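Data block below; observations after.
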Amino acid sequence: MELRHLRYFIAVAEELNFTRAAEKLHIAQPPLSQQIQHLEAELGFQLFRRTKRTVHLTAAGQVFFEEAGKILQQVDRAIQLGRQTSRGELGQLTIGFVSSAAHNVVPAILQAFRTRCPAVKLELHELTTNEQLQRLRFGQIDIGFVRPPVEEDGINSEIVFREPLIVALPETHPAADRAKVELRELSTEPFILFPRSLAPGLYDAIVSLCQQAGFSPIAAQEAIQMQTIVSLVAAEMGVAIVPASMQNFQRSGVVYKSLPESTCIVAIALIWRSDPTAAVQRFLEVARQISGFDI
């Protein structure tokens, strides 16, 4: 028995007329009648009672009609789901992101993807760059938003966002009322830094900026989340150099100042394995459109 036999049978059962059923199926009537006879022979019971003028379902035919309809509905659903999955419109994506990315490019990309692919379930995890790389290697996440550089075999990375560095000061700091702060003025201040082991790209950019200003930062505290760093600044534990998008994280007790000598640009990159699923490919397409970068 093939699916076409079920479709032939259902067409006749719905029309109760072989001529109309044949027209509906776009086939000739004699082959349709022959296929129904073959189906009845294979099943071992009669599906229709036929007279010269009428066609009726037998009791067994009625039961078979109801169940066959369920089968074809399930097959059609399986086809639809398969097509959606192949286009990246169905499934699940597990996404990692560094905390600071939540204040710049991540919300816009996620919103656009949810609008275009609402049937794809998104599972989000706030993770450091190194944690994302490790989980990506083991297949525990599908995509990550990290601080570059990323240089690992089997992992692709592309920039989706760039921004300058700024300084976060306690609101009680003497320079808090000024529009700009020169970094060399902070050479004796305690700094709150992100651990280099977790995001060497960002750490090196911050230290390099300080060294260009003629000093090495005095590390008073370390914190692995940008929000924590800003909160420690608010608690007057020190100052911090942070990505400019952290200004979107409004925390009482903190002021943000641009750095006139800051020519250092830091970035957010997307990472994914070299064998992306259709859903990952669709996510990358959306990210490219939203960010304006070529992925």
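The values are calculated or read from the model by the stated rules, or taken from the named source; none is laboratory data. The model shown is predicted, which means the values in this text are computed figures rather than measured ones. No Cβ is skipped: glycine too gets one built from the backbone with ideal geometry, and neighbour counts run over all protein chains shown. Heads up: the accessible areas ignore ligands, DNA and RNA and are worked out on the full protein's heavy atoms, side chains in. Shrake-Rupley method; radii C 1.70, N 1.55, O 1.52, S 1.80 Å.
Stretching residue 74 away from residue 171 to a fully extended chain increases their span by 28.6 nm, per 0.36 nm per residue minus the current alpha-carbon distance.
For region 192-235, the square roots a ≥ b ≥ c of the C-alpha gyration tensor eigenvalues yield an a/c of 1.5 or more together with a/b not exceeding b/c, which makes the shape oblate.
Bridge orientation summary for region 148-283: considering DSSP beta bridges with both residues in this region, about 75 percent are antiparallel. Most simply put, region 41-128 has about 30% antiparallel DSSP beta bridges, counting only bridges with both residues inside it. Inter-label distance, residue 275 to residue 16: 5.6 nm, where each label sits 7 Å from its Cα along the C-beta direction. Here the Karplus relation 6.51 cos²θ - 1.76 cosθ + 1.60, evaluated at θ = phi - 60°, turns the backbone of region 254-259 into coupling constants of 10, 10, 10, 10, 6, 10 Hz, with x for every Gly and Pro.
The relative contact order of region 1-81, computed from alpha carbon pairs under 8 Å that lie at least 6 residues apart in sequence, is 29 percent. With protein chains left intact and a 1.4 Å probe, residues in region 1-132 average 57 Å² of accessible area per residue.
Would you mind pulling out the separation of the Cα centroids of region 63-132 and region 221-235, in Å? Taking the Cα centre of each part, region 63-132 and region 221-235 sit 34 Å apart. The shape of region 236-287 comes out prolate: with a ≥ b ≥ c from the C-alpha gyration tensor, a/c is at least 1.5 and a/b beats b/c.
Computed from phi, the 3J(HN,Hα) profile of region 247-252 under the Karplus parametrisation 6.51, -1.76, 1.60 (θ = phi - 60°) reads 4, 6, 8, 7, 10, 4 Hz, with x in place of Gly and Pro.
With the simple spin-label model, which puts each label point 7 Å out from Cα in the Cβ direction, the residue 264 to residue 112 separation comes to 2.9 nm.
Database remark: amide H of residue 239 closer than 5 angstrom to the amide H of 191, 192 (H placed geometrically; neighbours at sequence offset of 5 or more, or on other chains; Pro and chain starts carry no H). Counting protein heavy atoms only, region 61-101 has 53 percent of its accessible area on carbon and sulfur, 1.4 angstrom probe. The stretch between residue 151 and residue 38 holds 34.3 nm of extra length on full extension. This uses 0.36 nm per residue minus the Cα-Cα distance. Over the residues of the chain, the helix contribution to mean residue ellipticity at 222 nm works out to -13000 deg cm²/dmol, using -39500 (n - 2.57) for each DSSP H run of at least 4. Looking at the chain, the DSSP beta bridges with both ends there are about 60 percent antiparallel. Go ahead and set up a Gaussian network model of the chain, Cα springs under 10 Å, then flag whichever of 229, 271, 71 fluctuates most. Judging by the Gaussian network model, the answer is 71. Value of Rg to Rh for the chain, rounded to two decimals, is 1.34; Kirkwood radius and Rg both from alpha-carbon coordinates. Counted residue by residue at 0.36 nm each, then reduced by the alpha carbon distance between them, the extension gain from residue 289 to residue 45 reaches 81.9 nm. Taking label positions 7 Å along the Cα-Cβ direction at both residue 87 and residue 119, the computed distance is 0.8 nm, reported to one decimal.
In order along region 124-130, the Karplus-derived 3J(HN,Hα) couplings, from 6.51 cos²θ - 1.76 cosθ + 1.60 at θ = phi - 60°, round to 10, 9, 7, 9, 6, 4, 5 Hz, and Gly and Pro are given as x. Which chymotrypsin sites (Phe, Trp or Tyr not before Pro) from region 1-52 combine a DSSP loop assignment with at most 16 other Cβ atoms within 10 Å? Filter output for region 1-52: 45. In this structure the amide hydrogen of residue 124, modeled in the peptide plane, comes within under 5 Å of the amide hydrogens of 95, none closer than 5 places in sequence on its chain.
Under 5 Å from the amide H of residue 161 lie the amide H atoms of 268, each residue being 5 or more positions distant or on a separate chain, with H modelled from the backbone and absent for Pro and chain starts. Within the straight-line cut-off of under 19 Å between alpha carbons, the lysines reachable from residue 180 are 257, sequence neighbours fewer than 8 places apart in one chain being disregarded. In percent, rounded to a whole number, the relative contact order of region 1-144 is 19, using alpha-carbon pairs under 8 Å and six or more apart.
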